[in-house]
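Enquirer: Below is a structure I'd like to ask you about.
The values are calculated or read from the model by the stated rules, or taken from the named source; none is laboratory data. Keep in mind it's a predicted model, so treat the numbers as computed, not measured. Note: ideal-geometry Cβ built from the backbone for every residue, glycine included; neighbour counts use all protein chains shown.
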């Protein structure tokens, strides 16, 4: 089962509005909703992974123990920061951040 923290829920809202109002390259509403749906599908499958990668960057470790890298395209990678309970197999997504804010 996958759960979202308030921060992660807010991240999804901010990603939606950020894409919809992006001045550099405006996106249509349908494209933005499709983009966000795909990101959420990736998040919702984290509990099915065979291996959970430890968070490497300090920026990530301040939010959670694990990080999943979702490469959207050659310019954009989303890091899904989460905690994982080995016993219950529950994933608790703590933060979703783009590659340009994930510094060492």
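Enquirer: For residues that are part of a helix (DSSP H, G or I) and under 14 Å from residue 93 (Cβ atoms), scanning just region 37-47, find the one that is farthest from the chain's Cα centre (by Cα).
Expert: 47
Enquirer: For residues in region 14-31 being at pLDDT 90 or above and over 15 Å from the mean Cα position of the chain (by Cα), which is nearest to residue 94 (Cα to Cα)?
Expert: 17
Enquirer: Hey, another quick one. Are any residues in region 48-59 in a helix (DSSP H, G or I) and modelled with pLDDT of 95 or more, and if so, which ones?
Expert: 48
Enquirer: Take residue 11 and decide whether it is more than 11 Å from the chain's Cα centre (by Cα), modelled with pLDDT of 95 or more, assigned to a helix (DSSP H, G or I) and surrounded by 15 or more Cβ atoms within 10 Å (Cβ to Cβ).
Expert: Judged against the criteria, residue 11 is not a match.
Enquirer: Among the residues of region 80-99, is there at least one that is at negative phi, assigned to a helix (DSSP H, G or I) and free of Cβ contacts under 8 Å to residues at least 40 places away in the same chain?
Expert: Going residue by residue through region 80-99, those that are at negative phi are 80-88, 90-99.
Applying the additional criterion that residues be assigned to a helix (DSSP H, G or I) yields 99.
With the extra rule that they be free of Cβ contacts under 8 Å to residues at least 40 places away in the same chain, the set shrinks to 99.
Looking for residues that are at negative phi, assigned to a helix (DSSP H, G or I) and free of Cβ contacts under 8 Å to residues at least 40 places away in the same chain, one finds at least one in region 80-99, hence yes.
Enquirer: Does any residue of region 50-66 turn out to be within 10 Å of the chain's Cα centre (by Cα) and either in contact (Cβ under 8 Å) with a residue 12 or more places away in the chain or farther than 25 Å from residue 19 by Cβ (or both)? It would help to see each step written out before you state the result.
Expert: If we filter region 50-66 for residues that are within 10 Å of the chain's Cα centre (by Cα), which is where we start, we get none.
No - not one qualifying residue is present in region 50-66.
Enquirer: I've got another one for you. Quick one: count up the residues across region 38-55 that are surrounded by fewer than 14 Cβ atoms within 10 Å (Cβ to Cβ) and touching a strand residue (DSSP E or B) at 6+ places or on another chain (Cβ under 7 Å).
Expert: Qualifying residue count for the region: 2.
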